[in-house]
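Okay, so here's the structure we're looking at.
The values are calculated or read from the model by the stated rules, or taken from the named source; none is laboratory data. Predicted model only: the values in this text are computed from it and were never measured. Here the Cβ positions follow ideal geometry from the backbone for every residue, glycine too, while neighbour counts run over all protein chains shown. Surface areas here come from the heavy atoms of the whole protein model, side chains and all, with no ligands, DNA or RNA. Shrake-Rupley method; radii C 1.70, N 1.55, O 1.52, S 1.80 Å.
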Amino acid sequence: MNGETDITGADGVPDPVTADLRLSVNGVPRPVTVDTRETLLDTLREHLGLTGAKKGCDHGQCGACTVLVDGRRALSCLTLTVTADDVEIVTVEGLADGDALHPLQAAFIENDALQCGYCTPGQLCSAAGALAEAADGWPSAVTPDLSAPPRLDETEIRERMSGNLCRCGAYPGIVAAVGQVAR
Amino acid sequence: MTEELDAGLVAGRIAESDQMSEPSAEREMGRARRRKEDARLVTGRTMWTDNIQLPGMLYVAFLRSPMAHARITGVNVSAARSRPGVVAAYSGRDLAGEQGSLPCAWPVTEDIVIPDHPPMAVDEVRYPGEAVACVVATDRYRAADALEAIAVDYEPLDPVLDMTEALAEGAPKVHEAGNRAFTWKFAGGDIDAAFRDAPVVIDRTYVQQRLIPTAMEPRAVVATTDGDGFTLYSATQIPHVLRVMLAMTTGIPEHKLRVVAPDVGGGFGSKLQVTAEEVLALLLARRLGRPVKWTESRSEGNLTVHHGRDQLQRIAVAADRDGRIRGVRVELLADMGAYLMLVTPGVPLLGAFMYNGIYKMDAYDFTCTGVFTTKMPTDAYRGAGRPEATFAIERAVDELAHELGIDPVEVRRRNWITREEFPYTTIAGLTYDSGDYEAATEKALAMFGYDELRAEQADRRERRDPVQLGIGVSTYTEMCGLAPSRVLGSLSYGAGGWEHAAVRLLPTGKVEVVTGTSPHGQGHETAWSQIAADALGVPFEDVSVLHGDTSVAHRGMDTYGSRSLVVGGVAVLAACEKVKERARELAAHLMEASADDVEFDGGRFRVRGTDEGRTIQELALAAFAAHDLPGGFEPRLDAEATFDPDNFSFPHGTHLCAVEVDTETGRCAIRSYVAVDDVGSVVNPLIVEGQVHGGIAQGVGQALFEEAVHDADGNLVTTTMADYLIPSAADLPEFTTGRTETPATSNPLGVKGVGEAGTIASTPAVVNAITDALRPYGVRDVRMPCTPERIWRALAEAEAAVPGQAPATGPAPAAVPGFAPVPTHGSTPGAAPPPAPASEPIRGFVAPATSESAPEGGAR
């Protein structure tokens, strides 16, 4: 941490406390110095030029900021950047393999799973995380049989994607796209 | 999902193939093309306003009123100015000399009260969240932090929250001129005759709760100047209208102001506005000579993005005992909020011609009073006036059916305009050009399994199943394609309703389409490409659509009111036709033939009866080279066209909803939902499908989840997405959709518009279904949003009114008047008031004498 000994600046207003971090985003080392109050979302958007993740609500209620942290979905607006040292962060910009779209990206296009597209990066990262969770046997609130591997039917997908809001109401396409990749 | 989605067209790679494809024999019109917009959207490569970074950019934060209504007795920003990183801080008074007044473009009556609306409050705040001061700093955190150093002295004034109380004598005033903004009337036929001695009168009052549009992308603005001209980037639906209005408001000459709508993340009417923040960003850029950016937080947005709906509707339907409607009378109170914004007063007027729905009748009478309250102004929200109208008439027609013991579909059938009667001029004076209500309804009933569900419903009622089944019907139409300019003029709107397009054939044969529409999720880049590809015979991939920048798309009326395809798409077609005629002239010259002998097919001009021909791409290059042109022929193959429709378009359809309501807990779940829509000819069924889905989702949101709630002091308590609930994937069922098709006759594409259809149709379908489920318990209405608590309370109230009431299979019981009055405001989500029995008079309305003539509870 920097500036720990003197946090009071002019006029009694505390100066920001900063930290030097070694982030890894989309497989690329990204050393940054951030205000310790800063969220991962702001670091990505304001400092690293990765504007795919969106600030839809800044309260963890809409899911537009969803990224993958060590393969698991995380709400980057509720993640302090200082907690993201030494983890692997993947954003929507890191899903495709060069020019080859991630299967979820291709499925979103094929199934018309977006309209304005603002929530889409969060939907995609969330869907990638949801598929991984299901593959690892994680149940959801609607999983009927907790002893069997979850089967990603429509109800399961709707539940598992319920943290990602889409005001355009493209849910039928989103559910179809996620289901297509799950099969 | 529906028919014919053509899976072979998906782009598996980010870059589209650059290969010149052969002109396709398949028409683009009607083809489920995957969207051109999507590749950039799914890879995070889009340019949203908040993504824009400019050298030396400063960030703006606003201090907002914590009170609904107060006099400002002092604002001190000096401490904020000395905070780290702060470049400037201003109060409303600091900017009073230059900030002007936010515009209202729709003075609906001669005597309308349009109060001065400073972008930042100067003397008085009139709604919670109104900006009172701002800070400009080197980053957004410093700007936000410095707000706490601003001192504002408020002298609280009484909030004005309830429309009926606001109109009462001696009520606290929002503005000096009083709380009545206007009263607007419309009448057709002899309404007194229709109600006189009417055997049945259904007289109901419905509350259209206040909604928060909640586009996923928060508003954002970037303003910059080079010392001469200004550029404003804004998350707006209306770059063109905005430019004109900002020039008028700020005094920046129109030719020195460029407005850009980059990628915009949804609008639903909420970005059809000239906002305080847009004006202030320009003024700050002008004062400071540096670029400034403002991006709202979600809570800021819930407070200060204009709200929607918020009407109190009294509707009376006079009918004969066979169910034939004689007349409809509507008295509306419309909550304007604290000020009249861009089209605030016009929103209820857009519904004024729709309360007669798809029905024939002898008389219609409409009165609307706009009322000021100390709330955020209302304005357009998806459907804008037409969902409210459709809700009222479709709820009332269901009540009429119940009253008479006739199936709700049958009552509609007895009243609707039949397919042979088109074109039909309604009692509201609109001429519906085409439609087939029979076909849409028959298709919907079959897809829904109406008879089977009715049988199941009867069985559940018989068994006294605690989970009851309800079936809701909604047969809607809407006036779309806003709008014929002469009609807008007759309604005192400040502008026209035309749309513009320019089409340019480039030297290599590629095509640029420039449109005045401003998409924010509607897929215009794809659909306009399809229209141009068909018209010019060029490959879909060879068309680019440019929009949203007033320096590129120099003329336009933008996107709202289901107008883009119906007006703007038709303008694209018209411009393409002009280009084609130029190309034909050039082709004739080069082939030494008469233009009359040159025919066009699949992108090639050919001399009739010969093999001699030129492709449109060859002609583009020939025009560019200009070596051999007809006399006086300018070396270009481009054209512009403006389309101003003669009439509105009238999409229609039948939506059916089945709900299961747990009568012990109030839990309501949609079991199935069928939507059959007739939107005329279809350019891209994939896009139509998405628009229908999204519309239904928002309409269901109003029916079940959404409400902007204020406390007794006038504070908005639904300021986050945990308090204001928009539907998630888990909250909605799979929708079953279908289409019927009667082409519009008012435009050459035969299109009618689809953006608002789902929202207009679905809300009454859902509430009709809930009411239908609960009728045996004596419940006649549940106020929206129909939360489990409201449903449970409605059941409890009905039970208290008629103890021992059980799911009856016999005659429906009369609802009993005399419940405590229901506050329409001042509730919190945790303490929702009981719903009003529908017979309860709502303060502010005088019951018409004929309302007593309705015999209650008979004939079932």
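Within segment A:148-183, being within 19 Å of A:G56 (Cβ to Cβ) and assigned to a loop (DSSP other than H, G, I, E, B) holds for A:M161, A:S162, A:G163, A:N164, A:L165, A:C166, A:R167, A:C168, A:G169, A:A170.
Of all residues in segment A:77-94, those that are within 13 Å of chain B (Cβ to nearest Cβ) and either closer than 27 Å to A:A176 by Cα or over 16 Å from the mean Cα position of the chain (by Cα) (or both) total 5.
Would you check if B:A39 is outside any loop (DSSP other than H, G, I, E, B), at the interface with chain A (Cβ under 8 Å from one of its Cβ atoms) and modelled with pLDDT of 95 or more?
Numbers: outside any loop (DSSP other than H, G, I, E, B): yes; at the interface with chain A (Cβ under 8 Å from one of its Cβ atoms): yes; modelled with pLDDT of 95 or more: yes.
Criteria met by B:A39.
Look at (1) touching a helix residue (DSSP H, G or I) at 6+ places or on another chain (Cβ under 8 Å); (2) of a type in the set (A, V, I, L, M); (3) crowded, with 21+ Cβ neighbours inside 10 Å and you find that B:I427 fails only one, number (1). Applying the criterion of at least 3 residues that are closer than 30 Å to B:P776 by Cβ to the strands (runs of 3 or more DSSP E) found wholly in segment B:626-734 leaves B:652-662, B:668-678.
Pairs linking a residue in segment B:430-446 that is at positive phi to a residue that is assigned to a loop (DSSP other than H, G, I, E, B) and polar (S, T, N, Q), with Cβ atoms under 7 Å and 6 or more positions apart or on different chains, are B:G435/B:T742. Here is a list of conditions, (1) of a type in the set (S, T, Y); (2) facing another protein chain (nearest Cβ under 9 Å); (3) within 15 Å of A:G52 (Cα to Cα), and A:S126 meets all of them except one; can you say which number that is? Going through the list (1) of a type in the set (S, T, Y); (2) facing another protein chain (nearest Cβ under 9 Å); (3) within 15 Å of A:G52 (Cα to Cα), A:S126 breaks only (2).
Quick one: which of B:G701, B:G714, B:G694 is modelled with pLDDT of 95 or more, farther than 30 Å from B:L573 by Cα and within 14 Å of chain A (Cβ to nearest Cβ)? It would help to see each step written out before you state the result.
Values: B:G714 fails: within 14 Å of chain A (Cβ to nearest Cβ); B:G694 fails: farther than 30 Å from B:L573 by Cα.
After ruling out the rest, the residue left standing is B:G701.
None of A:H47, A:H59 is without any contact (Cβ under 8 Å) to a residue 24 or more places away in the chain and either within 24 Å of B:T720 (Cβ to Cβ) or buried (at least 24 other Cβ atoms within 10 Å of the Cβ) (or both) except A:H59.
Would you mind finding the one in B:L58, B:L54 that is in contact with a Lys or Arg (Cβ under 9 Å, 6 or more places away or on another chain) and open to solvent by less than 10 Å² (accessible area, probe 1.4 Å)?
Working: B:L54 fails: open to solvent by less than 10 Å² (accessible area, probe 1.4 Å).
When all the criteria are applied, what remains is B:L58.
Residues that are in a strand (DSSP E or B) and of a type in the set (D, E, K, R) were ranked within segment A:29-70; the one that is farthest from the other protein chains (Cβ to nearest Cβ) is A:R30.
Just for segment B:671-681: of the residues that are of a type in the set (A, V, I, L, M, F, W, C) and buried (at least 24 other Cβ atoms within 10 Å of the Cβ), which one is nearest to the other protein chains (Cβ to nearest Cβ)? So that I can check it myself, show each step before the final result.
Step one: filter segment B:671-681 for residues of a type in the set (A, V, I, L, M, F, W, C), giving B:674-676, B:679.
Within this subset, residues satisfying the condition of being buried (at least 24 other Cβ atoms within 10 Å of the Cβ) are B:675-676, B:679.
Details: B:A675: 12, B:V676: 16, B:V679: 16 Å.
My answer is B:A675.
Of everything in segment A:95-115 that's out of contact with any helix residue (DSSP H, G or I) (no Cβ under 8 Å at 6 or more places or on another chain) and within 7 Å of another protein chain (Cβ to nearest Cβ), which residue is farthest from A:G173 (Cα to Cα)?
So, considering only residues that are out of contact with any helix residue (DSSP H, G or I) (no Cβ under 8 Å at 6 or more places or on another chain) and within 7 Å of another protein chain (Cβ to nearest Cβ), the one farthest from A:G173 (Cα to Cα) is A:D99.
Here's the yes/no breakdown for (1) open to solvent by less than 10 Å² (accessible area, probe 1.4 Å); (2) in contact with a Lys or Arg (Cβ under 9 Å, 6 or more places away or on another chain); (3) within 14 Å of another protein chain (Cβ to nearest Cβ):
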site: B:L282; (1), (2), (3): yes, no, no
site: B:R286; (1), (2), (3): no, no, no
site: B:E300; (1), (2), (3): no, yes, yes
site: B:A318; (1), (2), (3): yes, yes, no
site: B:R324; (1), (2), (3): no, yes, no
site: B:L332; (1), (2), (3): yes, yes, no
site: B:N356; (1), (2), (3): yes, no, no
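Set side by side, the residues B:P107, B:P66, B:P84 differ, and just one is out of contact with any Phe, Trp or Tyr (no Cβ under 6 Å at 6 or more places or on another chain), open to solvent by 40 Å² or more (accessible area, probe 1.4 Å) and within 12 Å of chain A (Cβ to nearest Cβ), which is B:P84.
Have a look at B:A168, B:A149, B:A143 and point out the one that is farther than 20 Å from B:S551 by Cβ, open to solvent by 10 Å² or more (accessible area, probe 1.4 Å) and within 14 Å of chain A (Cβ to nearest Cβ). Selected residue: B:A149, the only one of B:A168, B:A149, B:A143 that is farther than 20 Å from B:S551 by Cβ, open to solvent by 10 Å² or more (accessible area, probe 1.4 Å) and within 14 Å of chain A (Cβ to nearest Cβ).
For segment B:176-202, the set of residues classified as in a strand (DSSP E or B) and either open to solvent by 40 Å² or more (accessible area, probe 1.4 Å) or hydrophobic (A, V, I, L, M, F, W, C) (or both) consists of B:R180, B:A181, B:F182, B:T183, B:W184, B:K185, B:F186, B:A187, B:V200, B:V201, B:I202, listed by residue number. Report yes if some residue within segment B:722-738 is out of contact with any Lys or Arg (no Cβ under 8 Å at 6 or more places or on another chain), away from chain A (no Cβ under 14 Å) and of a type outside the set (D, E, K, R); otherwise report no. Looking for residues that are out of contact with any Lys or Arg (no Cβ under 8 Å at 6 or more places or on another chain), away from chain A (no Cβ under 14 Å) and of a type outside the set (D, E, K, R), one finds none in segment B:722-738, hence no. Is it true that some residue in segment B:364-375 is in a helix (DSSP H, G or I), of a type in the set (A, V, I, L, M, F, W, C) and at pLDDT 95 or above? There is no residue in segment B:364-375 that is in a helix (DSSP H, G or I), of a type in the set (A, V, I, L, M, F, W, C) and at pLDDT 95 or above.
Of all residues in segment B:652-667, which are of a type outside the set (G, A, S) and crowded, with 24+ Cβ neighbours inside 10 Å?
Residues of segment B:652-667 of a type outside the set (G, A, S): B:652, B:654-657, B:659-665, B:667.
Residues satisfying the conditions are B:H652, B:T654, B:H655, B:L656, B:C657, B:V659, B:V661.
Of all residue pairs spaced 6 or more apart or on separate chains, none has beta-carbon atoms under 8 Å together with a first member in segment B:761-778 that is touching a residue at least 60 places away in the same chain (Cβ under 8 Å) and a second member that is open to solvent by 10 Å² or more (accessible area, probe 1.4 Å) and aromatic (F, W, Y).
Only one of the numbered conditions (1) open to solvent by less than 20 Å² (accessible area, probe 1.4 Å); (2) not in a loop (DSSP other than H, G, I, E, B) is violated by A:A113, and that is (2). Number of residues in segment A:142-183 that are within 11 Å of chain B (Cβ to nearest Cβ) and buried (at least 19 other Cβ atoms within 10 Å of the Cβ) equals 22.
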